[in-house]
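The values are calculated or read from the model by the stated rules, or taken from the named source; none is laboratory data. Just so we're clear, the structure is a prediction, and the values are computed from it rather than from any experiment. A quick note on method: Cβ atoms are made from the backbone with ideal geometry, for glycine too, and the neighbour counts reach across all protein chains shown. SASA here: full protein model, heavy atoms, side chains in, ligands and nucleic acids out. Shrake-Rupley method; radii C 1.70, N 1.55, O 1.52, S 1.80 Å.
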Amino acid sequence: MKIRGERECQECGTRWAYYETGSVECPQCGSLHSVGIDERTEHTDSPATLDLTPVRNRIDADSLREIATATADTCREYAQKRGFIDAGALRPLSETYVAAVELQHVAAHVAREMRVDDPTERYFYELLGGADEGDRPPVDDVPNALRAPYGLAMATAIERYQGDVRTYLDANPNADARRLSGRIRDHRKRIEALDGDVDPADANRLVHAARDLGSFVAGEESAAVRAENWLTGIEDEDA
């Protein structure tokens, strides 16, 4: 949505950036009476930090299902707040965001299952250990039981990112970027149609392609070639 990001308090005159606080409340006096003093600018992001420390601190006290439920809720809340257009500029698809979406899906799967095998439990705890720093286990370590949740997680992260990319391209047209985005969309829809049950390596390649698409849209010309190469890798595997 387009907002006026520079605010001025009508009570005390303090000026601040909505982009930094995500609130119309004056940081000086707490008044809710403020006005925008700049032009409206596209902005979809909100300040948010993924902090899984409180969940990790419960590991020795709570059951796996309780830990998984709390983890999924924390990651869901974080992901819902984040967007990819910051004061009119397109942001990258961050490792932390992708890790949060993956952990949300993996944790939700673990919380639903009556029995969780050892590889799945190990993968969940390893992901929980580093997701807030953007660290994810290698794609080769994805257990068979998590193949579908992993694929759906990657598709979800890509879909949300592409939504903001499309919004950005509406105001900043780029025919080559639209074409690339269309190819990524087609592969994403295939993952969704298969309920995520695809080779995790291909789902991971598509995330890389979406990230490079964003870099290309933001002005890095060579990123288009990288995105093409990721997509070609998927198509060669499918051939």
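State yes or no: is Leu128 surrounded by 17 or more Cβ atoms within 10 Å (Cβ to Cβ), in contact with a Cys (Cβ under 6 Å, 6 or more places away or on another chain), under 25 Å from His208 (Cα atoms) and hydrophobic (A, V, I, L, M, F, W, C)? For Leu128, the condition - surrounded by 17 or more Cβ atoms within 10 Å (Cβ to Cβ), in contact with a Cys (Cβ under 6 Å, 6 or more places away or on another chain), under 25 Å from His208 (Cα atoms) and hydrophobic (A, V, I, L, M, F, W, C) - is not met. Within the stretch 63-87, the residues that satisfy the criterion of being of a type outside the set (Phe, Trp, Tyr) and open to solvent by less than 30 Å² (accessible area, probe 1.4 Å) are Ile67, Ala68, Ala70, Thr71, Ala72, Cys75, Ala79, Gly83, Ile85. Does Asp140 count as open to solvent by 60 Å² or more (accessible area, probe 1.4 Å), farther than 20 Å from Glu221 by Cα and either free of Cβ contacts under 8 Å to residues at least 12 places away in the same chain or part of a helix (DSSP H, G or I) (or both)? Considered against the rule, which asks whether it is open to solvent by 60 Å² or more (accessible area, probe 1.4 Å), farther than 20 Å from Glu221 by Cα and either free of Cβ contacts under 8 Å to residues at least 12 places away in the same chain or part of a helix (DSSP H, G or I) (or both), Asp140 comes out as yes.
Residues are listed down the side, and each one gets a yes or a no for (1) open to solvent by 50 Å² or more (accessible area, probe 1.4 Å); (2) assigned to a loop (DSSP other than H, G, I, E, B):
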| residue | (1), (2) |
| --- | --- |
| Ser31 | no, yes |
| Thr44 | no, yes |
| Thr49 | yes, yes |
| Pro54 | yes, no |
| Ala61 | yes, yes |
| Ala100 | no, no |
| Val106 | no, no |
| Val110 | no, no |
| Arg122 | yes, no |
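For the stretch 177-189, a tally of residues being over 12 Å from Glu159 (Cα atoms) and open to solvent by 80 Å² or more (accessible area, probe 1.4 Å) returns 2.
Checking the stated criteria, Pro92 turns out to be under 30 Å from Glu220 (Cβ atoms), at pLDDT 90 or above, assigned to a loop (DSSP other than H, G, I, E, B) and not small (Gly, Ala, Ser).
Condition check ((1) in contact with an Asp or Glu (Cβ under 8 Å, 6 or more places away or on another chain); (2) at negative phi; (3) basic (Lys, Arg)) across all residues:
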residue: Met114; (1), (2), (3): no, yes, no
residue: Leu127; (1), (2), (3): yes, yes, no
residue: Arg136; (1), (2), (3): yes, yes, yes
residue: Leu152; (1), (2), (3): yes, yes, no
residue: Ala155; (1), (2), (3): yes, yes, no
residue: Gly163; (1), (2), (3): no, yes, no
residue: Ala171; (1), (2), (3): yes, yes, no
residue: Ala175; (1), (2), (3): no, yes, no
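Restricting the first member to the stretch 215-231 and to residues that are open to solvent by 20 Å² or more (accessible area, probe 1.4 Å), and the second to residues that are of a type in the set (Lys, Arg), the beta-carbon pairs closer than 6 Å and six or more apart or on different chains are Trp230/Arg205. When Ser63, Ser23 are checked against the criterion of being polar (S, T, N, Q) and within 17 Å of Glu6 (Cβ to Cβ), Ser23 stands alone in meeting it. Here's a check for you: in the stretch 152-167, which residue that is touching a Phe, Trp or Tyr at 6+ places or on another chain (Cβ under 8 Å) and open to solvent by less than 10 Å² (accessible area, probe 1.4 Å) is nearest to Arg190 (Cα to Cα)? Step by step, filter the stretch 152-167, then rank; the result is Ala157.
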